[in-house]
Amino acid sequence: MVTNIRISLIVIIMVFTIRASLHSQTENDTIYQYEIDLDEYFLYDNVAPINFIELGVSINIPQAAFKRYHPGGIGGLCLNYSRQIKAESPLFIGGSISYGVVDSYSSEVERDFGSIIEFWDGSTTSSLISFDANAKYFIGKPIWIFDLYTELSLGSNWFFTNTTFSFPNSEESDTNFEGGDMVLAYGGYLGLMAYLKNDFYLDLAFGYSSGLSSEYFVEKDKKDPILSSTIQGFERKKSTTDMIRLKIGVNFAF
């Protein structure tokens, strides 16, 4: 945990060092020189605050103890909203939600209904939903169509697992909630936004998220014969939930 905190502090220090160097201009220059062909590629319009809504994909790479139990990446989808605090300000605040699959396993299982044993299709999915409040600060003036920003986040990670049984060639199904755990998470990002066309922007971000200790299910490396449920192919783990996060998305400004 101490190592992860150090990494987070280093990232934050680097970000604000870059910001300071880019803002070493005269007072006149610091009145956000986004006026340079702004209408062509970036929206600092002097009239009303800007809103961004983003749909993207993310890759979460477990670190430290989390990596020992789940060495693979966690892919997912994310939805973000942010709003400029006032016209011409480089500061945006907002929130995001993302969903990813930690592990998933499917197999045929036996279901005992007393005097009848039936074979159903079983599927267990261990999932992660992240909720975050974000503060995004654009650093310096745009360089052509590109704008660099730093972002701080504070929120939670919710790990939960469901098992679904479905009867073959039928609409009959049944779902069991196997358990869940929600913990605090916080992090920082460096990002790059690039103008595409007609108020659309490409957004790339790289960061580190520190999550407190949580319980979650991961798929077993070696499975015994599955008998009554695919949850038997999983084992419960507990650890801190630190991750390197990579995000790519498309923003629409309005």
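The values are calculated or read from the model by the stated rules, or taken from the named source; none is laboratory data. No experiment lies behind these values; they were computed from the predicted model shown. Virtual Cβ from ideal backbone geometry, glycine too; neighbours counted across all protein chains shown.
Might you check whether a residue that is touching a helix residue (DSSP H, G or I) at 6+ places or on another chain (Cβ under 9 Å), outside any strand (DSSP E or B) and of a type outside the set (S, T, N, Q) occurs anywhere in segment 130-144?
At the first step, the residues of segment 130-144 found to be touching a helix residue (DSSP H, G or I) at 6+ places or on another chain (Cβ under 9 Å) are 137, 139-142, 144.
From what's left, outside any strand (DSSP E or B): 144.
Still in the list and also of a type outside the set (S, T, N, Q): 144.
Within segment 130-144, one or more residues are touching a helix residue (DSSP H, G or I) at 6+ places or on another chain (Cβ under 9 Å), outside any strand (DSSP E or B) and of a type outside the set (S, T, N, Q).
For segment 89-116, residues that are within 30 Å of D174 (Cβ to Cβ), aliphatic (A, V, I, L, M) and touching a residue at least 24 places away in the same chain (Cβ under 8 Å) total 4.
On the stretch given as segment 211-254, residues that are among the hydroxyl-bearing types (S, T, Y), part of a loop (DSSP other than H, G, I, E, B), within 24 Å of L77 (Cα to Cα) and in contact (Cβ under 8 Å) with a residue 60 or more places away in the chain total 2.
Considering only segment 190-203, I want to know if a residue exists there that is modelled with pLDDT of 90 or more, closer than 30 Å to E118 by Cβ and surrounded by fewer than 19 Cβ atoms within 10 Å (Cβ to Cβ). Looking for residues that are modelled with pLDDT of 90 or more, closer than 30 Å to E118 by Cβ and surrounded by fewer than 19 Cβ atoms within 10 Å (Cβ to Cβ), one finds none in segment 190-203, hence no. Kindly indicate whether any position in segment 169-181 is touching a Phe, Trp or Tyr at 6+ places or on another chain (Cβ under 6 Å) and touching a residue at least 24 places away in the same chain (Cβ under 8 Å). Yes. If the condition is being surrounded by fewer than 14 Cβ atoms within 10 Å (Cβ to Cβ) and either under 20 Å from S127 (Cβ atoms) or in contact with a helix residue (DSSP H, G or I) (Cβ under 7 Å, 6 or more places away or on another chain) (or both), then segment 237-254 contributes only K238. May I ask you to list the residues in segment 95-120 that are out of contact with any Pro (no Cβ under 8 Å at 6 or more places or on another chain), more than 21 Å from M182 (Cβ to Cβ) and assigned to a strand (DSSP E or B)? Hits for segment 95-120 are Y105, S106, S107, E108, V109, E110, R111, D112, I117, E118.
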